[in-house]
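Novice: Right, I'll just put the structure down here and ask away after.
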Amino acid sequence: MPNMSLKKNPMPSQEPDVRNNNFEEVALGYTEEMALDEAARCLNCKNHPCVSGCPVGINIPGFIQKIASGDFEGAYGIISEDSALPAICGRVCPQESQCEKNCVRGIKGEPVGIGRLERFAADTHMKSGAAPAERPASNGHRIAVIGSGPSGLTCAGDLARKGYEVTIFEALHTPGGVLVYGIPEFRLPKAIVRREIEGLKALGVKIETNMIIGKTLSVDELLGDMGFEAVFIGSGAGLPQFMHIPGENLRGVLSANEFLTRINLMGAFKEGSATPVMHAAKTIVVGGGNVAMDAARCAKRLGADVTVVYRRSEAELPARKEEVEHAKEEGIVFSLLCNPVEILAGEGTKQVCGARCIRMELGEPDASGRRRPVEIPGSEFVIDADCVIMALGTSPNPLIKSTTEGLEVSRRGGIVADEDGRSSKARVYAGGDAVTGSATVILAMGAGKKAAAAIDRDIMGAE
Ligand code: FAD
Ligand code: SF4
Ligand code: SF4
């Protein structure tokens, strides 16, 4: 008998006024009892609409039925057929706009907690201490992967499992991409990312850190003297955007990327960190996406009163609903329909003391279909702050393009690649944010997977 409760089993979480003082994981994960109860809500629908909402097509009813029957390892096995990073996707996937959006249980009530169950299966597998997959015999072909975010890790893992000798070249000193330098510990513990990376190393994947392709080595050198047969570019979209308003170069104005990297990658929240970050009393975060929520929640944990300033209304906030709810519970204030026009300095100083903002109203829809925010004349006001964090979106870094002959990029700076990740340059493939601009972990993973399959087809076909 299915469990016909209209509500999902709630996720056990740290209390808001406790968690806004620490960096430990907010969501604590289902117990076995909760997972069994939630799995029993799935109707095992014949046409399984949930699956078409998942960018990598996980057999969702299949793995949920395994959980319902108590075969948790079997559930993990089914998920792993399509997803290389289930413990990560179960935590950060925007499920509400993907798999869960299509779940029939969502028509009259809440959808099945697919992401929560995926996380449960992955965490239970990890706790079981199962041995990592064994390294397959080499097929003698060498592939270079640029970047160690979800697209690069997935591409590398899929190729290594087929026997390719894969080397990842990563610009930073730690692999993981946004999973380690962007998404904070309280949403995605870094130990989980490290474990996934150790699994890849066990498959024989080599990771060379502190290697900036386009500076230390070029794509053409990888394909030439270095002897790689193909290169996958998964270099992400890490170039921050700014508003170009007066005062943006003052002390106390940061890009969200720098702020989050200092905290997540360099541990700036820890006492005595070698790469400290300013502990502001009042912080403004400009933007309304996941990055803005992460920056705001980190600033709160460092002790600041935080205001998120966003030019549209709550309905248009691009961040995941759950993240907005969490931010509100933690005491973050939202100043909506409002936009900064100038960052202000304290008298005789170059230090931020606030932002002059203007109220907005929503006008006609723009090209994206969203109603365009329009300034209301004479509505300016000041928000006091000693730190302003810009979380306005990012674009692909032009370094690789500018140092690689024959690599076509779009007007927005993304590498042009076909459905399977083939770029305009022979033997060069690309995927993830480097192609699409800032998107999601699961889409980057899907792109890495497709490119790995195309590389395999092209090399084996030629052979
Ligand atoms: P990245 O993860 O950006 O990895 C690219 C890697 O390439 C980096 O390690 C970089 O250092 C390296 N690199 C760059 N240039 C070079 C070079 N020249 N040489 C060598 N290495 C290079 N998505 C979700 O699905 N859910 C979320 O909740 C979510 N939250 C987010 C929060 C933040 C703060 C940010 C910034 C993004 C978030 N995203 C989220 C988006 C998601 O993380 C990205 O879409 C995803 O990580 C893209 O993966 P990728 O492999 O394309 O690139
Ligand atoms: Fe849903 Fe993401 Fe899991 Fe796919 S990978 S089933 S979209 S949570
Ligand atoms: Fe189960 Fe919902 Fe998918 Fe139906 S749509 S199989 S109820 S998860």
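Novice: Would you mind stating whether Thr440 is more than 16 Å from ligand 2 (Cβ to nearest atom) and touching a residue at least 40 places away in the same chain (Cβ under 8 Å)?
Specialist: no
Novice: Residue check: is Ser97 among the hydroxyl-bearing types (Ser, Thr, Tyr), under 30 Å from Pro318 (Cα atoms), open to solvent by less than 30 Å² (accessible area, probe 1.4 Å) and more than 10 Å from ligand 3 (Cβ to nearest atom)?
Specialist: no
Novice: A follow-up question, please. Consider Gln65 carefully, then state whether it is in contact (Cβ under 8 Å) with a residue 12 or more places away in the chain, of a type in the set (S, T, N, Q) and open to solvent by 50 Å² or more (accessible area, probe 1.4 Å).
Specialist: yes
Novice: Further question: Among the strands (runs of 3 or more DSSP E) confined wholly to segment 317-393, which include 3 or more residues that are crowded, with 20+ Cβ neighbours inside 10 Å?
Specialist: The qualifying strands (runs of 3 or more DSSP E) are 338-345, 352-365, 387-390.
Novice: While we're looking at this one, here's another question. Go through Gly272, Gly289, Gly238, Gly267 for me and flag whichever is of a type outside the set (D, E, K, R) and over 25 Å from Val92 (Cβ atoms).
Specialist: Gly272
Novice: Any chance segment 451-459 includes a residue that's part of a helix (DSSP H, G or I), basic (Lys, Arg) and either in contact with a strand residue (DSSP E or B) (Cβ under 9 Å, 6 or more places away or on another chain) or open to solvent by 50 Å² or more (accessible area, probe 1.4 Å) (or both)?
Specialist: Yes, segment 451-459 has at least one match.
Novice: While we're on this one: Being touching a Lys or Arg at 6+ places or on another chain (Cβ under 7 Å) and away from ligand 1 (no atom under 11 Å from the Cβ) is the filter here, so list the residues in segment 420-463 that pass it.
Specialist: Passing the criteria: Asp420, Gly421, Tyr429, Ala454, Asp456.
Novice: Check whether at least one residue in segment 339-358 is in contact (Cβ under 8 Å) with a residue 12 or more places away in the chain, under 30 Å from Glu110 (Cβ atoms) and not acidic (Asp, Glu), and report yes or no.
Specialist: no
Novice: Let me confirm something: among Lys201, Lys215, Lys206, Lys190, which residue is more than 16 Å from ligand 3 (Cβ to nearest atom), surrounded by fewer than 21 Cβ atoms within 10 Å (Cβ to Cβ) and free of Cβ contacts under 8 Å to residues at least 12 places away in the same chain?
Specialist: Residue meeting the stated conditions: Lys201.
Novice: Given the criteria outside the structural domain of Ala444 (by TED's automatic domain parsing), farther than 30 Å from Glu408 by Cβ and surrounded by 20 or more Cβ atoms within 10 Å (Cβ to Cβ), does Arg251 qualify?
Specialist: Against the criterion (outside the structural domain of Ala444 (by TED's automatic domain parsing), farther than 30 Å from Glu408 by Cβ and surrounded by 20 or more Cβ atoms within 10 Å (Cβ to Cβ)), Arg251 does not qualify.
Novice: Identify, by number, the condition in (1) without any contact (Cβ under 8 Å) to a residue 24 or more places away in the chain; (2) surrounded by fewer than 20 Cβ atoms within 10 Å (Cβ to Cβ); (3) of a type outside the set (Ser, Thr, Tyr) that Arg262 doesn't meet.
Specialist: The failed condition is (2).
Novice: Moving on. I need the full set of residues from segment 419-434 which are closer than 17 Å to Gly152 by Cα and either in a helix (DSSP H, G or I) or open to solvent by 10 Å² or more (accessible area, probe 1.4 Å) (or both), in order please.
Specialist: Answer for segment 419-434, where residues must be closer than 17 Å to Gly152 by Cα and either in a helix (DSSP H, G or I) or open to solvent by 10 Å² or more (accessible area, probe 1.4 Å) (or both): Glu419, Asp420, Arg422, Ser423, Arg427, Tyr429, Asp433, Ala434.
Novice: When the residues of segment 23-62 are filtered to those that are open to solvent by less than 20 Å² (accessible area, probe 1.4 Å), among the aliphatic types (A, V, I, L, M) and within 16 Å of ligand 1 (Cβ to nearest atom), which remaining residue is nearest to the chain's Cα centre (by Cα)?
Specialist: Val26
Novice: Determine which member of the set Ser128, Ser138, Ser148 is touching a strand residue (DSSP E or B) at 6+ places or on another chain (Cβ under 8 Å), open to solvent by 10 Å² or more (accessible area, probe 1.4 Å) and farther than 16 Å from Ile79 by Cα.
Specialist: Matching residue, one of Ser128, Ser138, Ser148: Ser138.
Novice: What number goes with the only condition from (1) within 14 Å of ligand 2 (Cβ to nearest atom); (2) within 24 Å of Glu322 (Cβ to Cβ) that Met126 does not pass?
Specialist: Just one mismatch for Met126, condition (1).
Novice: Quick one: which residue in Val416, Val409 is open to solvent by 40 Å² or more (accessible area, probe 1.4 Å) and either within 16 Å of ligand 3 (Cβ to nearest atom) or touching a Ser or Thr at 6+ places or on another chain (Cβ under 6 Å) (or both)?
Specialist: Being open to solvent by 40 Å² or more (accessible area, probe 1.4 Å) and either within 16 Å of ligand 3 (Cβ to nearest atom) or touching a Ser or Thr at 6+ places or on another chain (Cβ under 6 Å) (or both) holds for just one of Val416, Val409, which is Val416.
Novice: Can you run down the residue pairs with Cβ atoms below 7 Å, 6 or more apart or on separate chains, where the first is in segment 83-101 and without any contact (Cβ under 8 Å) to a residue 24 or more places away in the chain and of a type outside the set (Ser, Thr, Tyr) and the partner is more than 16 Å from ligand 3 (Cβ to nearest atom) and open to solvent by 20 Å² or more (accessible area, probe 1.4 Å)?
Specialist: Close Cβ pairs satisfying both conditions: none exist.
The values are calculated or read from the model by the stated rules, or taken from the named source; none is laboratory data. As the structure is a computational prediction, the values presented were derived from the model and not from experiment. So basically every Cβ, Gly included, is an ideal-geometry build from the backbone, and we count neighbours across all protein chains shown. When the accessible area is computed, the model is the full protein with side chains, heavy atoms only, and any ligands, DNA or RNA have been set aside. Shrake-Rupley method; radii C 1.70, N 1.55, O 1.52, S 1.80 Å.
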